[in-house]
1. Quick check: the distance between the Cα centres of segment 387-433 and segment 180-234, to the nearest angstrom?
2. Dividing the alpha-carbon Rg of segment 229-357 by 2.2 N^0.38 Å yields what?
3. Considering only protein heavy atoms and a probe of 1.4 Å, how much of the accessible area of segment 236-326 is carbon and sulfur, as a whole percent?
4. How big is the charge dipole of segment 281-433 about its Cα centre, in debye rounded to the nearest 20, if each Lys and Arg gets +1 on its Cβ and each Asp and Glu gets -1 on its Cβ?
5. Counting pairs of Cα atoms in segment 305-433, how many percent are more than 22 Å apart?
6. Would you report the distance distribution of C-alpha pairs in segment 352-400 as whole percents per 5 angstrom bin, up to the bin with the largest distance?
7. Taking only protein heavy atoms and a 1.4 Å probe, what accessible area per residue, in Å², does segment 291-433 have with all protein chains in place?
8. Taking amide hydrogens as modeled 1.01 Å from N in the peptide plane, which residues meet the under 5 Å criterion relative to Asn338, leaving out close sequence neighbours?
Amino acid sequence: MSDDPSIPSGRLKRLTRLAGMATQVGASLASDRVKRLLGRESDGHAEMAQRVLETLGTLKGAALKAGQALTLFSSQLPPEARAIVGRLFSQAPRLPYAEILTVLEAELGDSPATLFAEFSEEPFAAASLGQVHAARLKSGEEVAVKVQYPGIAAAMEGDLRNLESLLKAVGVGGVVLDAREYAEEIRRELAGELDYRRELTQLEHYRGLLSRWPDLVVPKAFPELCTGRVLTLERLEGPTLNELSLQVESLPAEERFRRGEQLVRAVCGPWILHRTIHADTHPGNYLALTDGRLGVLDFGSVKSCSEPFWRCTLESAHSTMEGRSLDLTDLHRRGGFNIKLPADKAHQLLERILAITGVPLRGPYDYSTDTMIEQLAELKMKQPLDLMRILPPPESLLVGRAMAGLLQNLRALQVRGDFRPFFREALREALEG
């Protein structure tokens, strides 16, 4: 794939690129359906995936982040198409080194040739906000240097303005859904990801939250080589969970469960025990290290939530696991949910949602056959207006994103087993503490 000389930043230009992609993807899928009806071989899904990769990879920014989120739900695609869209996590089109060099010199005050013993001009990973280069410090440590794309802030602003326009349209003038608070939450969090100093602080904080589990690894940082647009971190070696999932059939069931259990602890441990969650749970952010540990990467999106919302999620999970009844309407109102339904009707709907999402908390579960997302989508089709009258607080957006990503990672790894021992102990400690 060729280098992309620049990131389109104009709002209309970015919207036009997305519209063009949608048209081409639609045409590709239509052609695929016709070929199948005629009994011919078709690679329509692969063509569609390649178009998505090229367009979103060129746009980068929030558009690529949205694409990464959507690819979490690509498990129904053929393997070749999943392999292509999976490259959105770390193999998007790269920027030429000359453009990256200007950022490095401006941020670090000198050239990489002077600051590092070795510095690879070819990145080994590229994603939504920056690309990552391998390097070696003069002290000998192997590091990964994440460099923010030049012009990405303007591109992100264009995406956010397009998103706000979309949310206003969905809101139907505020009659059904006032989306302003949700848009502001998204804007605040995505804008924060552009500040690598903030990410460094969140990385160190999350390292402390995971310290009770030695098999969960956060890379060491080198603050003297970190700025607002450059991060220099210890380089961890191993396949990503996305790469691991592509060879899942060759993995023993015990290994799949062990990796799944590590992932559950990495995501849910800090949430249950500290009200803090790693919200960017796409499979490119986790490495299956060769020594058996799990590497956790990318701390630009770490969310700490309010005590009422956090307690609502924990009490719901605990009651589901132990088979106890709760006043779900009152619990969710106290947790910040805006409920515009009669209490009994709201209780019935919340009970139905928990019946779908709480299945793994009631016994051993086979994530390879999981249909939670599909069941929730079906419920939304059946009761759309009722669901829009139970509005979660804006702070729930990143928590929901994290949990959806966790679920899809377990699904992709075809994990089977029982995580209740971990949940039971963590919930007991949190709720009694």
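The values are calculated or read from the model by the stated rules, or taken from the named source; none is laboratory data. Values in this document were obtained by computation on a predicted structure and should not be read as measured data. Neighbour counts run over all protein chains shown; Cβ positions are idealised from the backbone, glycine included. Areas reflect the complete protein model, heavy atoms only, side chains present, ligands, DNA and RNA absent. Shrake-Rupley method; radii C 1.70, N 1.55, O 1.52, S 1.80 Å.
1. So the two Cα centres are separated by 21 Å.
2. 1.34
3. On the way: 1580 of 3150 Å².
Exposed carbon and sulfur together represent 50 percent of the surface.
4. Taking the Cα centre of segment 281-433 as origin, the dipole is about 300 debye.
5. 38 percent
6. Answer for segment 352-400: a P(r) of 4, 17, 22, 26, 18, 10, 3 percent.
7. 46 Å²
8. Result for Asn338 returns Leu391.
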